[in-house]
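First comes the structure, then the notes that go with it.
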Amino acid sequence: MASILLLDSSATTARRTGRLLSAAGHAVRTTGDVARMRQTAASAPFAIVLRDHAESPVDPSVVRRLRSATHTCGLLVLAPAARWVVWVGVADRVLPEGASPDLLLDAIRKLRDAAPPTAEASGAMSGPTDIAGTADIADAELSRIGIAGYRILKLIGNGGMSVVYLAAHEASGEIRALKLLPISEHDGGMLVQRLINEAALLSQLRHPGIVRIHEQGFTEWHAYIAMEYLSGGELTALLGQPLPPPYVVEIVLQIAEALGAIHRAGMVHRDLKPANILRRADGTFVLADFGIARKKGVDLSRSGPGHLVGTAAYLAPETIGSGRIDHRSDLYALGVLFHEMLTGRKPFEAAGPVEVMDLHLHAPVPRVPPPLDWAQVLVDGLLAKRPEDRFASADSLITAVLHALSELQTSSPGRTAAVAIDPTRSHANAG
């Protein structure tokens, strides 16, 4: 069980939450203010549960500084929807203020069980991390890496085929993510070629919504890419419950702008999913992992004999079938993610990946619940079975999102607060 420090300015809710956590077997200490939280958390590792009341809000910047100075091993925030955005990039997980006991206990379990993050081939960590004071790692494996010009700090990701280390660039002092792939004779060079392909594609792209690459090279043991370190972690950490609609809209617009830049460069990402959407420290979202992306002119119908690329939950029907894959396949994946963020559930769920793929091929586009009916036209235009029935481009999606919100503001002024966003937003410089 976890050692939990419960921060709640309301004695009533603190007692109720404390009893719930204690009954589940956790060791709970309760405090009512941030100063006492620091004193307590300085003595031993704690997972912190913080309740951010609308009537007594907590300053996220103060909590961020305290986390870096104490031994906290995870931060779960319970907050009203209007306060969610301020905690992005600070907390490991944000839940609704009135989260059910089951949801709260499940989130605690995930914090407790969190191992070193596994951001597959992305260079990201699954939560905010303080870099200051990170010690060098002096074991046999790291000493053998020997990448000239870098000082390895620690392992931050392991995707199975590749590993990602946090490293300091010695010349500039900049913190970067080093993605390493062992050189092997057993795969015919296919995986190394994939890493080279990723570096080549990323080097052609310059957009704030796309992870930046610094260099690519080889050692005796590894091929590697040095890329931007994204300290905010994966979008995956926010999923599992409906997100506030204005936040969902902002994420979709940011990712659509990044996809627009990729598509205008003649590329298709082919693996858009939450684990490949990462956050910078300022909370903006970034598209990463171009390992299976392809340039226009390359056969996008397959990646090899009998191979299906991508993740089943986000695969467009033509990816599963024999159709031609193009930029609209990325838009379909964004549609799956849009539905998942709005409703807390993927549009197509089943017992296994084969059944999920069958639903992608044959099941009708799901209906969103009535409070979100303004989004149905967007879901329909993203999840259409035939590519020609989807939005023609990322730019046309952005236009449709802004139009849908404008129509909602005109027809139902009372509901605009739930999805408010600047209608004059410009994406003219998205490329």
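The values are calculated or read from the model by the stated rules, or taken from the named source; none is laboratory data. Because the structure is predicted, anything quoted here is derived from the model rather than measured. Positions of Cβ are generated from backbone atoms using ideal geometry, with glycine treated the same way; all protein chains shown enter the neighbour counts.
Filter the range 239-260 for residues that are crowded, with 21+ Cβ neighbours inside 10 Å and in contact with a Pro (Cβ under 9 Å, 6 or more places away or on another chain); which is modelled with the lowest pLDDT? Ranking the candidates gives 245 first. Criterion first (within 13 Å of the chain's Cα centre (by Cα) and either of a type outside the set (Lys, Arg) or part of a strand (DSSP E or B) (or both)) does residue 259 satisfy it? It is false that residue 259 is within 13 Å of the chain's Cα centre (by Cα) and either of a type outside the set (Lys, Arg) or part of a strand (DSSP E or B) (or both).
Against the test of being part of a helix (DSSP H, G or I) and either in contact with an Asp or Glu (Cβ under 6 Å, 6 or more places away or on another chain) or at pLDDT below 85 (or both), the options 313, 375, 275, 333 yield a single qualifying residue, 275. When residue 56 is tested against (1) modelled with pLDDT of 80 or more; (2) among the hydroxyl-bearing types (Ser, Thr, Tyr); (3) loosely packed, with under 14 Cβ neighbours inside 10 Å, only condition (1) is not met.
Conditions (1) surrounded by fewer than 16 Cβ atoms within 10 Å (Cβ to Cβ); (2) among the acidic types (Asp, Glu); (3) modelled with pLDDT under 80, marked per residue:
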{"position": "152", "(1), (2), (3)": "no, no, no"}
{"position": "164", "(1), (2), (3)": "no, no, no"}
{"position": "167", "(1), (2), (3)": "no, no, no"}
{"position": "174", "(1), (2), (3)": "yes, yes, no"}
{"position": "204", "(1), (2), (3)": "yes, no, yes"}
{"position": "234", "(1), (2), (3)": "no, yes, no"}
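When residues in the range 336-357 are screened for being outside any helix (DSSP H, G or I) and either of a type in the set (A, V, I, L, M, F, W, C) or in contact with an Asp or Glu (Cβ under 7 Å, 6 or more places away or on another chain) (or both), 4 of them pass. When you look at residue 328, is it at pLDDT 90 or above, crowded, with 20+ Cβ neighbours inside 10 Å, among the charged types (D, E, K, R) and assigned by TED's automatic domain parsing to the domain that holds residue 247, yes or no? Taking the combined requirement at face value, the residue satisfies it. Scanning the range 220-244 for residues that are assigned to a loop (DSSP other than H, G, I, E, B) and closer than 28 Å to residue 173 by Cα yields 220, 221, 229, 231, 232.
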